[in-house]
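**Q** Have a look at this one before I ask anything.
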Amino acid sequence: MEQKARRLTDRREALMRELAETESMIRGSLVETGKKCGRKDCGCAKGKLHPHRYLSAAGGGRNRIVYVPDREKPAFAKGLKAYEKAWRLICRISEINIAIIKGGGCNE
């Protein structure tokens, strides 16, 4: 039993180190939409809208919207991917903690 608990705590420590690598995480979703600029002679007046990208994230009872220009898209995409990884790691750490408390097995 002692050996099993040690394996679980070792695994948890490894996951915590991996979690520390997700420091660039951003919670939310990238939303692609189109807008009209208002110029009458522009293609958007005929339906070919200008592409716009936003980060949408709910929190504190509100939905926060942040404009994301093309040059920032890779950084935001990386942050969103890091958040997904962090969430998976947190779920795995939680399962290990339950197993440690219960003194039983873990689906690791």
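The values are calculated or read from the model by the stated rules, or taken from the named source; none is laboratory data. Computed from a prediction, not measured in an experiment: that's the story for all the values here. Note: ideal-geometry Cβ built from the backbone for every residue, glycine included; neighbour counts use all protein chains shown. Ligands, DNA and RNA are stripped out before the accessible areas are found, and what is left, the full protein with its side chains, is counted by its heavy atoms. Shrake-Rupley method; radii C 1.70, N 1.55, O 1.52, S 1.80 Å.
**Q** Only residues that are open to solvent by 90 Å² or more (accessible area, probe 1.4 Å) and either in contact with a His (Cβ under 6 Å, 6 or more places away or on another chain) or assigned to a helix (DSSP H, G or I) (or both): list them for region 1-11, please. Step through it out loud before you land on a result.
**A** Step one: of region 1-11, the residues open to solvent by 90 Å² or more (accessible area, probe 1.4 Å) are 1-3, 6-7.
2, 3, 6, 7 - these are the residues of region 1-11 that are open to solvent by 90 Å² or more (accessible area, probe 1.4 Å) and either in contact with a His (Cβ under 6 Å, 6 or more places away or on another chain) or assigned to a helix (DSSP H, G or I) (or both).
**Q** Considering each residue of region 17-50, count those that are touching a strand residue (DSSP E or B) at 6+ places or on another chain (Cβ under 8 Å) and closer than 30 Å to residue 86 by Cα, and give that number.
**A** Total meeting the criteria: 8.
**Q** May I pose another question? When residue 63 is evaluated against the numbered criteria (1) in a strand (DSSP E or B); (2) open to solvent by less than 70 Å² (accessible area, probe 1.4 Å); (3) polar (S, T, N, Q), which criterion, by number, is the only one it fails?
**A** (2)
**Q** Among the residues of region 17-60, which ones are open to solvent by 70 Å² or more (accessible area, probe 1.4 Å), assigned to a loop (DSSP other than H, G, I, E, B) and over 27 Å from residue 75 (Cβ atoms)?
**A** Hits for region 17-60 are 36, 39, 40, 41, 48.
**Q** Quick check on residue 14: is it over 14 Å from the mean Cα position of the chain (by Cα) and open to solvent by less than 60 Å² (accessible area, probe 1.4 Å)?
**A** Yes; evaluated as a whole, the condition is true for this residue.
**Q** Kindly list, by first and then second residue, each pair from a residue in region 69-89 that is part of a helix (DSSP H, G or I) and at pLDDT 95 or above to a residue that is of a type in the set (Lys, Arg) and open to solvent by 90 Å² or more (accessible area, probe 1.4 Å), limited to pairs with Cβ atoms under 6 Å and residues at least 6 apart or on different chains.
**A** 83/27
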